[in-house]
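S.K.: I'd like to ask some things about the structure below.
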Amino acid sequence: MAEAVYILCALTSAACAVLLLRAWRRTRMKLLLYSGLCFSAFTVNNVLLFVDLVLIPAGDLSLARTATSLTGAAVLLYGLIWDVS
Amino acid sequence: MFKTLLDGAVMMAYLACALFFLRFYVQSKDRLFALFSLAFTLMGVHNLLGTLVAPTLDAERLHYLYVVRLVAYLLILGAIWDKNRARRSPR
């Protein structure tokens, strides 16, 4: 069950990233680019989550996971403040 | 300590993004932005729960927290699907 939740998190965030970046290629809307990059970082975060909690439970990747979350959110926030507003 | 600080920064960033999307929704009345705002609020809540509750949970129960995150991602997917459907069949 736990594995399924982590894998689904990774798959759904990857799907979000692909759909947003595809929409950006079609429309060239900056907001879609930043959202797509944000969800790409979230995908890396969810892959790290799976590696951390399922594949290598003895290791601790929590700082790397927080860093990728922060990167994703910061990219989107930068886009929202600097490019879109 | 440092990680808690970073977690707080991530939550703040999520909630700031949610507020931006809420503003776009109020300006444009586009449902896509409302769903994005809701999803980022959920991600912020997940982050808060992750910091406050996760240390008290055992490994078997930890994944329940991540269901909140999964719901947020599904909301984003639903928002994109809804937007695409609206474009294909303009009323």
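The values are calculated or read from the model by the stated rules, or taken from the named source; none is laboratory data. All values reported here derive from a predicted model rather than from experimental measurement. Methodologically, a virtual Cβ is constructed for each residue, glycine included, from the backbone with ideal geometry; neighbour enumeration extends over all protein chains shown. Quick note on the areas: whole protein, heavy atoms, side chains included, nothing else; ligands and nucleic acids left out. Shrake-Rupley method; radii C 1.70, N 1.55, O 1.52, S 1.80 Å.
S.K.: Test A:A15 against the stated conditions and say whether it is open to solvent by 40 Å² or more (accessible area, probe 1.4 Å), facing another protein chain (nearest Cβ under 7 Å) and closer than 28 Å to B:K83 by Cβ. Lay out the reasoning, then the answer.
M.R.: Working: open to solvent by 40 Å² or more (accessible area, probe 1.4 Å): no; facing another protein chain (nearest Cβ under 7 Å): yes; closer than 28 Å to B:K83 by Cβ: yes.
Taking the combined requirement at face value, the residue does not satisfy it.
S.K.: Of everything in region B:56-91, what is open to solvent by less than 80 Å² (accessible area, probe 1.4 Å) and of a type in the set (V, I, T)? Give them in sequence order.
M.R.: Matches in region B:56-91: B:V67, B:V68, B:V71, B:I76, B:I80.
S.K.: Another one. Give all pairs with beta carbons closer than 6 Å in which a residue from region B:59-80 that is among the charged types (D, E, K, R) meets a residue that is assigned to a helix (DSSP H, G or I); count only pairs at least 6 apart in sequence or on separate chains.
M.R.: B:R69/A:C9; B:R69/B:H46
S.K.: Only one residue in B:V53, B:V26, B:V71, B:V67 is more than 11 Å from chain A (Cβ to nearest Cβ) and within 21 Å of A:V54 (Cβ to Cβ). Which one? Give the steps one after another, and end with the answer.
M.R.: On the way: B:V26 fails: within 21 Å of A:V54 (Cβ to Cβ); B:V71 fails: more than 11 Å from chain A (Cβ to nearest Cβ); B:V67 fails: more than 11 Å from chain A (Cβ to nearest Cβ).
Exactly one of B:V53, B:V26, B:V71, B:V67 is more than 11 Å from chain A (Cβ to nearest Cβ) and within 21 Å of A:V54 (Cβ to Cβ), namely B:V53.
S.K.: Do you know which of the residues in region A:65-85 that are free of Cβ contacts under 8 Å to residues at least 24 places away in the same chain and within 16 Å of B:G8 (Cβ to Cβ) is farthest from the other protein chains (Cβ to nearest Cβ)? Talk me through it step by step, then tell me what you get.
M.R.: Looking only at region A:65-85, we keep the residues that are free of Cβ contacts under 8 Å to residues at least 24 places away in the same chain, and these are A:65-67, A:70, A:74, A:77, A:81-82, A:85.
When the remaining residues are screened for being within 16 Å of B:G8 (Cβ to Cβ), the result is A:65-67, A:70, A:74, A:77.
Working: A:R65: 10, A:T66: 5, A:A67: 7, A:L70: 5, A:A74: 6, A:L77: 5 Å.
Taking the candidates together, the pick is A:R65.
S.K.: Could you please let me know if A:V44 is farther than 29 Å from B:T4 by Cβ, open to solvent by 20 Å² or more (accessible area, probe 1.4 Å) and modelled with pLDDT of 95 or more? Even if it seems obvious, please write down each step before you answer.
M.R.: On the way: farther than 29 Å from B:T4 by Cβ: no; open to solvent by 20 Å² or more (accessible area, probe 1.4 Å): yes; modelled with pLDDT of 95 or more: yes.
So A:V44 fails the test.
S.K.: Tell me which residues, restricted to region A:1-59, are under 24 Å from B:L65 (Cα atoms), charged (D, E, K, R) and over 17 Å from the mean Cα position of the chain (by Cα).
M.R.: Matches in region A:1-59: A:E3 only.
S.K.: In region B:23-43, how many are over 17 Å from A:C38 (Cβ atoms) and either of a type outside the set (A, V, I, L, M, F, W, C) or crowded, with 16+ Cβ neighbours inside 10 Å (or both)? Before the answer, list the steps.
M.R.: Keep residues of region B:23-43 that are over 17 Å from A:C38 (Cβ atoms), which gives B:23, B:25-31, B:34.
The next check asks that each one be either of a type outside the set (A, V, I, L, M, F, W, C) or crowded, with 16+ Cβ neighbours inside 10 Å (or both); those that pass are B:23, B:25, B:27-31, B:34.
Final tally of qualifying residues: 8.
S.K.: Within region A:19-41, how many residues turn out to be in a helix (DSSP H, G or I), farther than 18 Å from B:F40 by Cα, open to solvent by 50 Å² or more (accessible area, probe 1.4 Å) and not hydroxyl-bearing (S, T, Y)? Give the derivation first.
M.R.: Here is the first cut: in region A:19-41, the residues in a helix (DSSP H, G or I) are A:19-27, A:30-41.
Still in the list and also farther than 18 Å from B:F40 by Cα: A:21-27, A:30.
Remaining after also requiring open to solvent by 50 Å² or more (accessible area, probe 1.4 Å): A:21-22, A:24-27, A:30.
Now narrow it down to the ones that are not hydroxyl-bearing (S, T, Y): A:21-22, A:24-26, A:30.
Result for region A:19-41: 6.
S.K.: Does any residue in region B:1-23 that is more than 12 Å from B:A39 (Cα to Cα) and more than 7 Å from chain A (Cβ to nearest Cβ) come within less than 7 Å, Cβ to Cβ, of a residue that is open to solvent by 40 Å² or more (accessible area, probe 1.4 Å) and not charged (D, E, K, R) six or more places away or on a different chain, and which pairs are these?
M.R.: The qualifying pairs are B:T4/B:T51; B:M11/B:L48.
S.K.: In region A:47-58, which residue that is in a helix (DSSP H, G or I) and more than 8 Å from every other protein chain (Cβ to nearest Cβ) is least open to solvent (accessible area, probe 1.4 Å)? Explain how you work it out, then say what you get.
M.R.: Filtering region A:47-58 down to residues in a helix (DSSP H, G or I) leaves A:47-55.
Now narrow it down to the ones that are more than 8 Å from every other protein chain (Cβ to nearest Cβ): A:47-48, A:50-52, A:54-55.
Numbers: A:V47: 74, A:L48: 40, A:F50: 49, A:V51: 37, A:D52: 6, A:V54: 42, A:L55: 112 Å².
It comes out as A:D52.
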